[in-house]
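Shown next, in structure tokens, is the structure this report addresses.
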Amino acid sequence: MVVTRRRWFEAPWEFREASLFSLLAILSGFFIQYAASGNSVGLPVWPFNAIALSVFAALIFGIGLILRNNPLVAWFGGIPMGLSLILALAALSFIGGMVPQEIMTGDSLYTRLRINQIFSSWPFALIVFLFLINLGFSLAWKLIPFRSKHLQFVLFHAGFWLALSCGILGSSDLQRLVIPIEEGRANNLGYSMQSKDPVPLPFSVFLHDFSLEEYSPQILLYDPENDKLLMDKSQAIIEVHKGTKAAWKGLEVVVLDFLPAALPGKDGIPRLSGLPAAIPYARVRVLSAGAQDEMWISTGSPFMRPEAAKIGNFFLIMVPGTPKTFRSVVTIKDKSGHLIEESLEVNKPVSFNGWKLYQMGYDDKAGKWSQLSLIEVIRDPWLPAVYIGFFMIMAGNLLFFWNGIKRSGGA
């Protein structure tokens, strides 16, 4: 029996021709990227991106239906081409996952090919463009004429097309800014990471109060000669509480008393205080080389020097605990006078006129005494369309499993 192997580009074209086409598309994209001197793909903004996407979708749908019997169009919208383009996207995404994606200066081959920002490069844009055509052709063929058995395919592929196209083309309308606000003041100017120029916002944010809650302070031994902190024998982080014990070589420490918020009295001994300037104090017993001593140590603050215990060539210190939570009480007001008062916390955003406001940061040096709050504001008008696409994909998957259960006789 003689087996005849199909020659390259012998009709009908299959996976190897599609793979070669995808490889050439990637190489062409890198060639364009190099010729563009490493500049990113310029995307239109609203409403031009919406118009471009609508025209693109209509052209794909029309060409797919009119030329559905054309061998070239049938091959371009077929499974081999789809799989090849998916592999090409996976390869580019692998580069993006393995290579640090960050802005770099210089005119090296690395930056001219935009390896450091692959997801905004010409190769990635070209493969996505071709993949959307492939998806669009196959979707048009399943929609007309429509049959109920094609519903799962239509939901999954239409959702994928919608999420991918809107997520990428709508990224040009994404705004991500940071508003620095001081207590008792309002600000309507945001700053991006790419530019130092302020961006006026359609609303202002007034900061009433910023507060920060910390975990318990930590006790450490500082070696000034080598400028390093020494962990105790357990190598654990020692949080300060009454009765806390810590040990280093030839040294034992016991916390006899702990005051989370205190100020020194007239006699120099710390006492509990409700004043904003109060800081944590701890009275410790130190046993070293057979000698025993008791003393107070403190974390200090921007207004008070920390108190440490000198033990030989070392210092026993108490450092502030890590932030547990921080929040900003703000009033958000737009130009029409509509306003809301909210408490912004980490991972608890507030929505206002299509914007999302997040508690982002504060003055790290001032810590819980910070009077500066950093609020991140995000506006992504295309996000609902992306979510609709995701829900359609989920619906298609659920329908796929449901049909599988019915075919197996389980329903």
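A few points about this structure:
- Scanning the stretch 209-221 for residues being crowded, with 16+ Cβ neighbours inside 10 Å and not aliphatic (A, V, I, L, M) gives a total of 5.
- Residue match in the stretch 104-115 (condition: part of a helix (DSSP H, G or I), assigned by TED's automatic domain parsing to the domain that holds N70 and among the small types (G, A, S)): no
- Taken together, S148, S171 contain a single residue that is under 23 Å from F131 (Cβ atoms) and either among the polar types (S, T, N, Q) or modelled with pLDDT of 95 or more (or both), which is S171.
- When residues of the stretch 288-308 are limited to those that are in a strand (DSSP E or B) and among the small types (G, A, S), the one surrounded by the fewest Cβ atoms within 10 Å (Cβ to Cβ): A291
- Residue check for K233: more than 42 Å from the chain's Cα centre (by Cα), loosely packed, with under 14 Cβ neighbours inside 10 Å, charged (D, E, K, R) and modelled with pLDDT under 95: no
- Checked against the criterion of being under 20 Å from L212 (Cα atoms), outside any strand (DSSP E or B) and out of contact with any strand residue (DSSP E or B) (no Cβ under 8 Å at 6 or more places or on another chain), the stretch 316-329 has no qualifying residue.
- Some residue of the stretch 192-199 being surrounded by fewer than 12 Cβ atoms within 10 Å (Cβ to Cβ) and polar (S, T, N, Q): yes
- Test result for L251, buried (at least 18 other Cβ atoms within 10 Å of the Cβ), more than 34 Å from the chain's Cα centre (by Cα) and not charged (D, E, K, R): yes
- The requirement of being surrounded by fewer than 16 Cβ atoms within 10 Å (Cβ to Cβ) and free of Cβ contacts under 8 Å to residues at least 40 places away in the same chain is fulfilled nowhere in the stretch 160-180; no residue meets it.
- Test: residue in the stretch 183-192 that is without any contact (Cβ under 8 Å) to a residue 12 or more places away in the chain and in contact with a strand residue (DSSP E or B) (Cβ under 8 Å, 6 or more places away or on another chain): no
- Restricting attention to the stretch 10-48, the residues that are among the aromatic types (F, W, Y) and farther than 17 Å from I79 by Cα add up to 5.
- Residue check, L24 surrounded by fewer than 16 Cβ atoms within 10 Å (Cβ to Cβ) and either in contact with a helix residue (DSSP H, G or I) (Cβ under 9 Å, 6 or more places away or on another chain) or more than 30 Å from I144 (Cα to Cα) (or both): yes
- Yes/no for K365 being surrounded by fewer than 17 Cβ atoms within 10 Å (Cβ to Cβ) and within 22 Å of the chain's Cα centre (by Cα): no
- Looking only at residues in the stretch 40-61 that are in contact with a Ser or Thr (Cβ under 7 Å, 6 or more places away or on another chain) and assigned to a loop (DSSP other than H, G, I, E, B), the one that is farthest from L126 (Cα to Cα) is V45.
- The residues of the stretch 1-38 that are in a loop (DSSP other than H, G, I, E, B) and either under 28 Å from L162 (Cβ atoms) or of a type in the set (S, T, Y) (or both), listed by number, are T4, S37.
The values are calculated or read from the model by the stated rules, or taken from the named source; none is laboratory data. The model shown is predicted, which means the values in this text are computed figures rather than measured ones. No Cβ is skipped: glycine too gets one built from the backbone with ideal geometry, and neighbour counts run over all protein chains shown.
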